[in-house]
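Working notes for the structure below.
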Amino acid sequence: MKNNRAKILKWAGVAALVALIALTCRVTLIPDEAPTTVVNAEGQTVTVEKLSVAEQYCADNWDSKIVPTIKERAVDMVAFVKDVETDLTAAGLKYGNRANETSAWSFCVKGDVKVLDIENPEKPNKTLLVLDLAPYDSQPDCKLFYGRVFSSNIKNAIRDGVGFLHLDDFANQVEFADLTNAFNNKVKTDVIAKHEASDLKGKEFTYYGCISLTDATYDNLVVVPVELTVAGG
Amino acid sequence: MKKIVALVLATLLVLSMFSVAAMAEDKPLIVIITPSHSNPYFKTVADAASAKATELGYDFLVIQHDDDVTKQSEAFDTAIARKAAAIICDNAGADATIEPVQRAKAAGIPTFLVDREINSTGDAVAQMVSNNYQGASLVAEYFVEQMGEAGNYVELTGKESDTNAGVRSKGFHDVIDQYTDMKMIEQQTANWDQTEAYSKMESIIQAQGAENIKGVICGNDTMAMGVIEACLKAGMKDVVVCGFDGSNDVRDSILRGEIKATGLQPIAYIAEQAVVQADEYIKNGKTDKEEKQLMDCVLITKDNAAKLDNFALAD
């Protein structure tokens with residue numbers, strides 16, 4: 001009996017202590033967070049502490065906003081090539097975007113194509129697909145970027161092509177530039193990595209993508225793909 | 001009698017104030033604040049802006065802050081005291097400039113920043129800067145190509161407090177680091193300075209050995225000039241040196257076959273456009289442009305260097 005009373009007192013004391021702690025401390029519950037992963041430029045999935053603003057933006061908006069906008073705004077490549085070769089500025093004012101007079105015009109485009117050739121197959125950084133636009137005549141009409149290193153003339157095609165992304169909405173040039181890198185990494189992992197360039201030779205496919213132009217010569221007609229649907233593949 | 005004299009004097013005083021105001025209204029003042037003109041780049045900023053101001057019917061006052069934030073603050077005080085219609089400023093620090101710009105704004109004077117950004121938005125009417133990241137990417141692509149996509153290189157960066165130093169370095173590395181055979185063996189700051197770049201490069205050559213350095217990429221042209229001098233002195237005739245700015249000095253070096261490339265900042269155009277937008281703002285109380293405006297740079301190599309003069313390319 002005595003023993004029991006001592007036990008009760010002991011437990012009451014513990015309960016009071018717990019209550020006291022509960023009353024004086026603020027308890028924050030930390031949910032178990034899955035580690036954030038991101039696919040790096042080499043195509044490896046790595047765990048990162050925290051996504052950058054640009055990476056987060058890309059992760060949140062690529063499927064829901066970026067790709068749908070490009071598909072919605074896409075101009076058919078046959079008409080597009082004709083328009084920009086006639087008058088790039090007029091085409092730009094009609095359905096392109098640029099930040100100011102010193103920037104390239106960027107557009108959203110789509111095309112039904114056949115791969116005639118692979119340019120720079122031995123240089124995976126700079127590989128391009130040489131394309132014949134439907135109806136096919138075996139003549140090269142434009143190119144599709146299929147490499148790993150996005151050169152300056154094409155790297156901002158997606159960011160500037162969609163038309164709703166402005167520097168003012170981001171902290172500075174670096175963050176705005178990072179957005180370009182995030183989009184282009186997405187192209188590398190989600191689009192380009194899906195098929196070996198060599199496997200695409202002779203294949204037909206439909207693409208959606210973006211293109212930046214300062215002048216509309218054939219060599220500059222390089223589209224950055226965001227979606228590629230291979231016929232029969 | 002005394003009262004009448006006082007009244008007359010007071011009236012004269014008031015009238016003279018009106019006439020000063022009227023004169024000021026005839027030709028409003030644009031104050032142009034820049035770093036030291038010892039770097040011709042900043043002299044171009046002042047010259048292009050003041051020429052455009054005159055053309056649009058303004059008086060102008062040019063003040064150099066020498067990258068000293070106290071001097072810059074005094075320059076803003078002068079603009080406020082002189083009731084300037086607008087300030088064009090190539091600033092002395094991304095953080096230190098926020099307060100003076102806010103002070104001018106509170107006094108009703110709009111500031112148009114050129115060349116360098118600040119770490120705030122909504123204070124200046126415009127921040128018109130070169131697309132340093134795009135320009136640095138252009139230069140880095142050429143640098144990699146000239147290096148044959150492989151080899152040891154050195155990077156000299158600009159002044160740490162200046163946003164452009166970091167942006168350019170990032171622009172370089174976002175390109176170069178994609179090539180696994182490019183190895184950076186030294187990265188040091190030479191604070192945009194030619195003499196400092198010369199002496200730093202001299203010690204780097206001593207430490208690393210001339211034969212182990214294939215290229216040097218520099219955050220601006222003045223540092224590139226210091227670097228090429230040190231390299232040539234060490235007999236490094238084939239070294240790949242690239243700069244950034246598009247100065248006449250580097251143009252001449254490129255034409256001599258020494259420095260390989262630079263990124264031209266369209267600074268003359270930027271300075272002129274800043275005055276054009278200031279004029280629009282003074283007349284309409286607004287501009288139709290975004291606050292932050294990036295102007296694309298142009299790659300200068302032996303192919304187009306001859307067309308470059310005072311930070312502008314002839315057509």
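The values are calculated or read from the model by the stated rules, or taken from the named source; none is laboratory data. Predicted, not measured: the structure shown is a model, and the values here were computed from it. For neighbour counting, all protein chains shown are included, and Cβ atoms are generated from backbone atoms with ideal geometry for every residue, glycine included. Keep in mind that these areas ignore ligands, DNA and RNA; they rest on the heavy atoms of the full protein, side chains included. Shrake-Rupley method; radii C 1.70, N 1.55, O 1.52, S 1.80 Å.
For the stretch B:134-158, the set of residues classified as within 15 Å of B:LEU264 (Cα to Cα) and open to solvent by 10 Å² or more (accessible area, probe 1.4 Å) consists of B:GLN134, B:LEU138, B:GLU141, B:TYR142, listed by residue number. If you go through the stretch B:180-199 and keep only what is of a type outside the set (Asp, Glu) and surrounded by fewer than 18 Cβ atoms within 10 Å (Cβ to Cβ), you end up with B:THR180, B:LYS183, B:MET184, B:ILE185, B:GLN187, B:GLN188, B:THR195, B:SER199.
Is it the case that some residue within the stretch A:202-219 is open to solvent by less than 10 Å² (accessible area, probe 1.4 Å) and in a loop (DSSP other than H, G, I, E, B)? No, the stretch A:202-219 has no match at all.
Among residues of the stretch B:273-293 being within 12 Å of chain A (Cβ to nearest Cβ) and open to solvent by 20 Å² or more (accessible area, probe 1.4 Å), the one that is nearest to B:PHE244 (Cα to Cα) is B:GLN273. When the stretch B:28-42 is filtered for residues that are in contact with a strand residue (DSSP E or B) (Cβ under 8 Å, 6 or more places away or on another chain) and either open to solvent by 30 Å² or more (accessible area, probe 1.4 Å) or over 22 Å from B:ILE109 (Cβ atoms) (or both), the ones remaining, listed by number, are B:PRO28, B:SER36, B:HIS37, B:TYR41. The residues of the stretch A:65-83 that are touching a Cys at 6+ places or on another chain (Cβ under 7 Å) and surrounded by fewer than 20 Cβ atoms within 10 Å (Cβ to Cβ) amount to a single one, A:ARG73.
Per-residue answers, yes or no, for (1) closer than 24 Å to A:ALA177 by Cα; (2) more than 19 Å from the chain's Cα centre (by Cα); (3) modelled with pLDDT under 95; (4) of a type outside the set (A, V, I, L, M):
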| position | (1), (2), (3), (4) |
| --- | --- |
| A:VAL67 | yes, no, no, no |
| A:ARG73 | yes, no, no, yes |
| A:GLY92 | yes, yes, no, yes |
| A:VAL109 | yes, no, no, no |
| A:VAL113 | no, yes, no, no |
| A:LEU116 | no, yes, no, no |
| A:LYS123 | no, yes, yes, yes |
| A:TYR146 | yes, no, no, yes |
| A:VAL149 | yes, no, yes, no |
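Residues in the stretch B:147-169 that are part of a helix (DSSP H, G or I) and among the hydrophobic types (A, V, I, L, M, F, W, C): 2 in all. In the stretch B:89-146, what residues are over 18 Å from B:VAL31 (Cα atoms), assigned to a helix (DSSP H, G or I) and either under 12 Å from the mean Cα position of the chain (by Cα) or small (Gly, Ala, Ser) (or both)? Scanning the stretch B:89-146 gives B:ASN132, B:GLY135, B:ALA136, B:SER137, B:ALA140.
Kindly indicate whether B:VAL129 is open to solvent by less than 10 Å² (accessible area, probe 1.4 Å) and modelled with pLDDT under 95. Full working, then the answer.
Details: open to solvent by less than 10 Å² (accessible area, probe 1.4 Å): yes; modelled with pLDDT under 95: yes.
Answer is yes for this residue.
With a requirement of 2 or more residues that are within 14 Å of chain B (Cβ to nearest Cβ) and buried (at least 21 other Cβ atoms within 10 Å of the Cβ), the strands (runs of 3 or more DSSP E) lying completely within the stretch A:84-179 that satisfy it span A:105-119.
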